[in-house]
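Each value in this text was obtained by applying a stated rule to the coordinates, not by laboratory testing. All figures in this text were calculated on a predicted structure; none of them were measured in a lab. All Cβ positions, even for glycine, are placed from backbone atoms using ideal geometry, and neighbour counts span all protein chains on display.
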Amino acid sequence: VRVSFRVADGMPRTVSLPAGEPLIELVWEPGQELEGIARFDDQKTAADLTIELRDTTGRVSDETIYVTSDEEGCFRFPDVPPGIYLIAARTERNGHTWSGQTRVKPNGDIWPLVLRDEDPRAPGGGR
C-alpha cells in the first residue's frame, strides 16, 4: 500500500507499507488562507497580476498554484498547507519588466509583494 501526503514543510511524501502492516493514523490538518497585496515600489496598485505560489525551493513546478490580483492588488490562495512558500510575480509596465518575490507562510497575515523595475537605468539618469 502506498500513501501520499504532505508534511509541515509542504513537500509531498510517499510511504510504502508492507501488506499485513498494522493500521496507521493520518491526521488531516486543514490549510489556511494565504493573503497578500501586490504593489509597485512607487506604491501604485498591481491589479490583474498573476501571482505564483511556489514550494519551499522557490522553483516553478507542477505544484505551483496561480491566482490573479484584484483591482486593488489583493490576492488570496485558499487552503494552503502549513509551511514556508515563495510568492512571485512578473509583469511589463511602461516598457519595463517589473518583478517581485518574497517568502511567506500561511498564518493570517496580509503579505506584501513589492514589484521593482528590473531594467537598468542608462548612464546619466535616463532610461
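A protection proxy built from the mean count of other Cβ atoms within 10 Å ranks the segments 95-105, 47-57, most packed first, as 47-57, 95-105. Loop-located chymotrypsin sites (Phe, Trp or Tyr not before Pro) in segment 11-91 (DSSP state other than H, G, I, E, B) with a sparse environment of at most 10 neighbouring Cβ atoms within 10 Å: W28. Close amide H pairs (under 5 Å, H built 1.01 Å from N) link L49 with S69, residues at least 5 positions away or on another chain.
Computed from backbone phi with θ = phi - 60° and the Karplus coefficients 6.51, -1.76 and 1.60, the 3J(HN,Hα) list for segment 72-77 is 9, x, 7, 9, 8, 9 Hz; x is used for glycine and proline. Between K44 and T57, the simple spin-label model (points 7 angstrom out along Cα→Cβ) gives 3.6 nm.
Give, as a single signed number, the net charge of other residues whose beta carbon lies under 15 Å from the beta carbon of Q101, with Lys and Arg counted +1 and Asp and Glu -1. Within the 15 Å Cβ shell, the charges total +2.
With a Förster radius of 25 Å applied to the beta-carbon distance between I84 and R116, the computed FRET efficiency rounds to 0.70.
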